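Quick notes on the structure that follows.
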Amino acid sequence: MKAYSTYRNLPPLAGLSSIAEAMKSGLSVEQCVTRLKRHHYAFKRLHHIFTARITAEPIYELKTAFSLHAHICAEHTAVLRKRVGEMREPPLGLEEIPHPSLEIFFDEILGAPTTEELLLGLYEKAVPSLKGALERHIADTNPLADQPSVRLCRFALLELEDLLRFGRQAIASLIDEPCRQRSSEWLRLLEDCLASAGGLGGTSEPRQVPVHRLHSVKPYVYDRVPRRDERFPDPYNMGVNAEVFLYDPKFPPEPKTLMMFYKRLREIDVPEMMASIIVETPDKPWDYYRDMTRQLWDEARHAMMGEVGFANLGIDWPKDVMVNFTWSLGLNTQLKPFERHAVLYFIEQGLMPKNGKRFEWEVGLASHNPLSALFQDYDWADEVLHAKIGRDWYLSQFKNTQEAIRYGDESWSRVLMNWGKGRADGLRQHRNWWPDAYRAACRTWGVEPDPEVLAYSTTYETVRADLKELTGSA
Ligand SMILES: [Fe+2]
Ligand SMILES: [Fe+2]
């Protein structure tokens, strides 16, 4: 061994490791697959928890972060499934639960009754223990023989670090010491679950500790009613019809960028709605969940593009723009999961012709607001992917396209937005917020408001029927 050297001292083994490191016995294929299945189970359960908790979580920044973290977990789940499939003949046993205490561990976090406990469970227990399991896999396995697993563990660690960084900051912002103290018994239970399972990766000696369910005594029930934080003071507001303004040629492009930022930010209702389809549609191939979660994340990104657009123009959106949740509320509470998917497909297939995403991008270009043009450019590109996802997982259920579109149209027509209902209790005043938002932008632009633009006051009450294919989120 001592005498061995590479040609002119080049790095050995394609740079993977030293010759000596590649001589260690490491993990057998059996041991490696057992560990990969634990990593897979953790990512799959985390994907489900992040997705299931988007809709009813009121805080916007958590909705968007859960959307990203669900997408990341769905991607790593897919990669781990593929790797196990490379090493074993079917059945792969990927739906089996690796240890009963691990099931309780994730059930408890899924059922956490408060946002604070959810954050502590996810970012102080689940994600760190998964990170530890992946690091241990890399340390224990033979770097040459098991290189494909090492590679995917390294990529996963890169993104888990992002989750942890967000989680640490979120916990520092939202959770004080008394709050943490109130959760201490439950946090101990989570640790006991891990100890009883021999750690998340199964590499420690399992400890004989009793684990009694606290938050998961009753099976988890998904809450499909969207909630928003206090920056959405009028979530039933349908007082400003963005599409009628956008498609009216008499209005100039600059104020139209405001309507497009509004339409983008309003898209936070799409993750709220898509989460309900994903959570309430069981037993699909993993690629279904992976694709749908990618789109869910894209829609959260679109919402954040609107947020950035408003921040860039100095518009205080919580005060000057009333972002509603009527679409996700209506779909989630009035339609079945497949009907919701039908509505999504119906709206998105209507966005591709000249009246849709291309038009919005052209308005962005004409407005000389480079941020609007850039965001609409990517929004359009994302829509190409979403149309494909719709073809793969929705359209494929029908004999022909016409039937699929008709079913979506019918489902959409059945959703009642209850325009007038609730006026008496102070909801649904449909205040016209447009003049305030437009004036704020004019101050930033240093121009006098155009009286015709300022006077715009078309609501969603009467014109929705004509433009219905354009009024949804996507
Ligand atoms: Fe979108
Ligand atoms: Fe979309």
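Each value in this text was obtained by applying a stated rule to the coordinates, not by laboratory testing. Worth saying up front: this structure is predicted, and the values here are computed from it rather than measured. Quick reminder, even Gly has a Cβ in these numbers, built from the backbone with ideal geometry, and neighbours come from all protein chains shown.
Summary of computed values
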{"quantity": "The range 101-111 - phi-based ³J(HN,Hα) in whole Hz, Karplus 6.51/-1.76/1.60, Gly and Pro as x", "calculated": "6, 5, 4, 5, 3, 6, 4, 5, 5, 4, x"}
{"quantity": "Estimated translational D of the range 304-415 in µm²/s (Stokes, Kirkwood radius over Cα pairs; 37 °C; 0.692 mPa s)", "calculated": "208"}
{"quantity": "Sparsely packed GluC sites (Glu not before Pro) within the range 207-288, loop by DSSP, other Cβ within 10 Å at most 12", "calculated": "Glu230"}
{"quantity": "FRET E, pair Trp445, Arg188, Förster distance 56 Å, beta-carbon r, rounded to 0.05", "calculated": "0.50"}
{"quantity": "Footprinting exposure proxy for Leu246, Leu130 (fewest neighbouring C-beta atoms within 10 Å first)", "calculated": "Leu246, Leu130"}
{"quantity": "Within the chain: Cβ-based charge dipole about Cα centre, in debye rounded to nearest 20 (Lys, Arg +1; Asp, Glu -1)", "calculated": "820"}
{"quantity": "Residues Trp297, Trp445 arranged by fewest to most Cβ contacts within 10 Å", "calculated": "Trp445, Trp297"}
{"quantity": "Loop-located chymotrypsin sites (Phe, Trp or Tyr not before Pro) in the range 361-417, at most 16 other Cβ atoms within 10 Å (DSSP)", "calculated": "Phe398"}
{"quantity": "Against the rule of thumb 2.2 N^0.38 Å, how large the Cα Rg of the chain comes out", "calculated": "1.11"}
{"quantity": "Fewest-first sequence of Lys399, Lys37 by Cβ atoms within 10 Å of each Cβ", "calculated": "Lys399, Lys37"}
{"quantity": "Spin-label zone in the range 334-360 - amide nitrogen under 16 Å from a point set 7 Å from the Cα of Tyr222 along the C-beta vector", "calculated": "334-344"}
{"quantity": "Computed over the range 24-196, Cα set: Rg, Dmax in Å", "calculated": "16.4, 51"}
{"quantity": "Relative contact order %, the chain, counting alpha carbon pairs below 8 Å whose residues are six or more apart", "calculated": "18"}
{"quantity": "Theoretical gain in end-to-end length, Thr34 to Ile19 [0.36 nm per residue, Cα-Cα removed]", "calculated": "2.8 nm"}
